[in-house]
């Protein structure tokens, strides 16, 4: 079943359909719970930390992408990749890794498109985490 | 065992803090390399962490720089260092170990692997501490032995001994000050015989 999910911190983003579950790569809740030894409260706390961090991290990254500031893009993408990987959010992890690699090698031709994809994936992840927190 | 975790990503830092704390270790956290170095400076000595988990890429001082600083700063040489990173290349591994890290964990880490590697570190720290204590004991013992070895200048006439400060002192005082021996006075058989002869000679 497909469902509409809200954008990050919002209640509506009807244009972003999402498949729930681990297979879609948005968020593997089972793997996240394994990482924290089954502690649901800690998993919820991590989701909250991640969402809080995004509020400053994404605008900062957008600014760095516009300015083509390779060092800053690399650093921010690297940190985002670490956070997302810890939460078992494979899509965001993969795209952040791609951004980091592009910044590292200086091949920025497609960076706007990759960053747009990251924003889209972040919106989906944000929605899933918000639901996860609510269900907590 | 006290563990310092230096990790700029708050999600990973919280996971590390919780996982290691749940296993009974005393965990301190720092949000970046400079913060970690500040904590290490403050806790120098008895309260210093036994093991540090350092993220490779951090703002300010990165994990590699902290490794190098720890290995060249007196008092920190024995700290067990584990580097945390998403770099997986052989060159990266070699670079991390060359900087002074003892071990290496790639992110995202498996909690069971983290525990195992920290336990290996704990065993190493225990072993190093007991070896350091043993060496200290041996050095003390050797120091005592060396005081009783070597040439001992003794006066041929009065039998006083020249000590390390170049003063002549009674042999009893010297022995008492350089060993655990207590001196008691007595007369040996040949001296006793000689003295008796002298007393007899005086009375005749």
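The values are calculated or read from the model by the stated rules, or taken from the named source; none is laboratory data. Since we're looking at a predicted model, the values are computed, not measured. Positions of Cβ are generated from backbone atoms using ideal geometry, with glycine treated the same way; all protein chains shown enter the neighbour counts.
Could you check region A:26-35 and list, in sequence order, the residues that are within 12 Å of chain B (Cβ to nearest Cβ) and assigned to a helix (DSSP H, G or I)?
A:31, A:32, A:33, A:34, A:35
Only one residue in A:128, A:134, A:124, A:117 is more than 14 Å from chain B (Cβ to nearest Cβ), closer than 15 Å to residue A:27 by Cβ, assigned to a helix (DSSP H, G or I) and free of Cβ contacts under 8 Å to residues at least 24 places away in the same chain, so which one is that?
A:134
For region A:49-89, how many residues meet the condition of being at the interface with another protein chain (Cβ under 10 Å from one of its Cβ atoms) and within 17 Å of residue B:87 (Cα to Cα)?
Here the count works out to 11.
Say whether the condition of being part of a loop (DSSP other than H, G, I, E, B) and either more than 15 Å from residue B:79 (Cβ to Cβ) or touching a strand residue (DSSP E or B) at 6+ places or on another chain (Cβ under 8 Å) (or both) is met by at least one residue in region B:124-134.
Scanning region B:124-134, I find no residue that is part of a loop (DSSP other than H, G, I, E, B) and either more than 15 Å from residue B:79 (Cβ to Cβ) or touching a strand residue (DSSP E or B) at 6+ places or on another chain (Cβ under 8 Å) (or both), so the answer is no.
For residue B:153, are the conditions met, namely being over 17 Å from the mean Cα position of the chain (by Cα) and modelled with pLDDT under 90?
Yes; evaluated as a whole, the condition is true for this residue.
Under the condition of being at the interface with chain B (Cβ under 7 Å from one of its Cβ atoms) and touching a helix residue (DSSP H, G or I) at 6+ places or on another chain (Cβ under 6 Å), which residue from region A:36-48 is farthest from residue A:130 (Cα to Cα)?
A:36
Can you find a residue in region B:86-100 that is modelled with pLDDT under 90, under 15 Å from residue B:7 (Cβ atoms) and touching a helix residue (DSSP H, G or I) at 6+ places or on another chain (Cβ under 7 Å)?
yes
Here is a list: A:95, A:71. Which entry is under 21 Å from residue A:49 (Cβ atoms), out of contact with any strand residue (DSSP E or B) (no Cβ under 8 Å at 6 or more places or on another chain), touching a residue at least 12 places away in the same chain (Cβ under 8 Å) and in a helix (DSSP H, G or I)?
Details: A:71 fails: under 21 Å from residue A:49 (Cβ atoms).
Result: A:95 is the single residue among A:95, A:71 that is under 21 Å from residue A:49 (Cβ atoms), out of contact with any strand residue (DSSP E or B) (no Cβ under 8 Å at 6 or more places or on another chain), touching a residue at least 12 places away in the same chain (Cβ under 8 Å) and in a helix (DSSP H, G or I).
With respect to residue B:6, determine if the residue is at pLDDT 95 or above and within 22 Å of residue B:124 (Cβ to Cβ). Let's see the steps before the verdict.
On the way: at pLDDT 95 or above: yes; within 22 Å of residue B:124 (Cβ to Cβ): yes.
So residue B:6 fits the description; yes.
Out of the helices (runs of 4 or more DSSP H) lying entirely within region B:1-80, which hold 1 or more residues that are more than 13 Å from chain A (Cβ to nearest Cβ)? Please lay out each step first, then the result.
Values: elements: B:10-22, B:33-42, B:63-72.
Per the criteria, B:33-42, B:63-72.
Please work out which one of (1) within 14 Å of another protein chain (Cβ to nearest Cβ); (2) in contact with a helix residue (DSSP H, G or I) (Cβ under 6 Å, 6 or more places away or on another chain) is the condition residue B:115 fails and give its number.
So the condition that residue B:115 fails would be (2).
Does residue B:92 fit the bill of being within 12 Å of chain A (Cβ to nearest Cβ), buried (at least 17 other Cβ atoms within 10 Å of the Cβ) and more than 23 Å from the chain's Cα centre (by Cα)?
no
Which one of these does residue A:107 not meet: (1) more than 22 Å from residue B:106 (Cβ to Cβ); (2) within 14 Å of another protein chain (Cβ to nearest Cβ); (3) outside any helix (DSSP H, G or I)?
(2)
Looking at region B:40-57, can you tell me whether even one residue there is modelled with pLDDT under 95, touching a helix residue (DSSP H, G or I) at 6+ places or on another chain (Cβ under 9 Å), surrounded by fewer than 18 Cβ atoms within 10 Å (Cβ to Cβ) and more than 25 Å from residue A:72 (Cβ to Cβ)?
No: zero hits.
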